[in-house]
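Read-outs: derived from the displayed coordinates by stated rules, not from any lab. Fair warning: this is a prediction, and the values are worked out from it, not measured in the lab. Here Cβ is always computed from backbone atoms with ideal geometry, including for glycine, and neighbour counts include all displayed protein chains.
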Amino acid sequence: MTKIGIILGSTRPGRRGQQVAEWVAEVAAKQQDDVTYEIVDVADFDLPLLDEEHPALFGKYGKDHTRRWAQTIASYDGFVFVTAEYNHSVPGALKNALDYLFAEWHHKPAGFVSYGLHGGTRAVEHLRLILAELKVPTVRTQVVLSIFNDFTMSAPTETGSFTPGAHNEPTLVTMLGEIVAWSTALESLRSPALV
C-alpha cells in the first residue's frame, strides 16, 4: 500500500497550515483505496536548529530526535508539503527539518499546497530547488491558496477559517494522482533498508 505524508511545515502558534493540512487529508481520504495519507506535523518533532555532528549525507544520526524524524520520513512513499510563505521563502522550521535528513527523502515524489499573501508560490519555488538536491522529484500541479480569497477573517492577524474556493479541490485531486503515479513508478529506486 502506498503511504503519503502530508508535511505541515509551519510551527508558528496561530498558523493557518493546520486547517489546510486537515483539508488535504480529508480530500485525500476520498481518493484511491490503496493509498493512505497521514499528517506529519514538523512541530511534533521538536527539532532544534540542526545539531547533528555529521552532515545528513552520511546517515550517521547521533540524536534521538533525528532518529525519530528519520524513521518517520523513511516510512513514506511520497509527500504533500503544506507550506506558508515567510519573507519570500519557506518557513525556517521546514528548511531545518529537510536539512536533518538525506537518503530518507530520495526518490519520493512531492506536491505542494501553499498559502500566503501571494499564494505561497515563492516558497514553493525555493522548495523545488531544495528538494531537487534531496533527490525528490516534484509534480507540476500545485494548489495555491490566497489569504484574501481562501480564508475568512476580520483582520490579517487572525488565523481565521479556511474556506477554500471550489476550484481548489479538483486541482488537489489531480496533484494527489500525480504523486501516487510517480511514487509507484519510482518504487524500484527507493531503498528498502531505510523503511
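Results, tabulated for the structure shown:
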item: The stretch 106-195: chymotrypsin sites (Phe, Trp or Tyr not before Pro) in DSSP loop, at most 16 other beta carbons within 10 Å; result: Phe148
item: Cut-off under 5 Å, modelled amide H: who pairs with Val80 long-range; result: Gly5, Ile6, Ile7, Gly111
item: Estimated 222 nm signal from helices in the chain, with DSSP H stretches of n ≥ 4 weighted -39500 (n - 2.57), rounded to 500; result: -10000 deg cm²/dmol
item: Rel. contact order, % - alpha carbon contacts under 8 angstrom, at least six apart, the chain; result: 24
item: Total lysine pairs whose alpha carbons fall under 22 Å of each other in the chain (8 or more apart, or interchain); result: 11
item: Ratio Rg/Rh [Cα only; Rh per Kirkwood] for the stretch 145-195; result: 1.27
item: Area projected by the alpha carbon convex hull of the stretch 110-154, averaged over all directions, nm²; result: 3.2
item: Per-residue ³J(HN,Hα) for the stretch 42-58, Karplus 6.51 cos²θ - 1.76 cosθ + 1.60, θ = phi - 60°, Hz, x for Gly and Pro; result: 3, 4, 6, 9, 6, 7, x, 3, 2, 10, 7, 5, 9, x, 4, 3, 8
item: Neighbour count of at most 12 Cβ within 10 Å plus DSSP loop: longest GluC sites (Glu not before Pro)-free window in the chain; result: 54-157
item: Rounded to whole Hz, the Karplus (6.51, -1.76, 1.60) HN-Hα couplings of the stretch 170-176, x for glycine and proline; result: x, 5, 4, 4, 4, 4, 4
item: Label of the coordinate-derived value, Rg and Dmax of the Cα atoms in Å, listed as (1) 17.1, 61; (2) 15.5, 44; (3) 16.1, 50; result: (3)
item: In the stretch 115-195, the trypsin sites (Lys or Arg not before Pro) that fall in loop regions by DSSP, at most 15 other Cβ within 10 Å; result: Lys135
item: Positive minus negative residues near Thr66 (Lys, Arg vs Asp, Glu; Cβ under 13 Å); result: -3
item: Distance between modelled label sites at Asn87 and Ala193, nm, 7 Å Cα→Cβ extension; result: 3.9
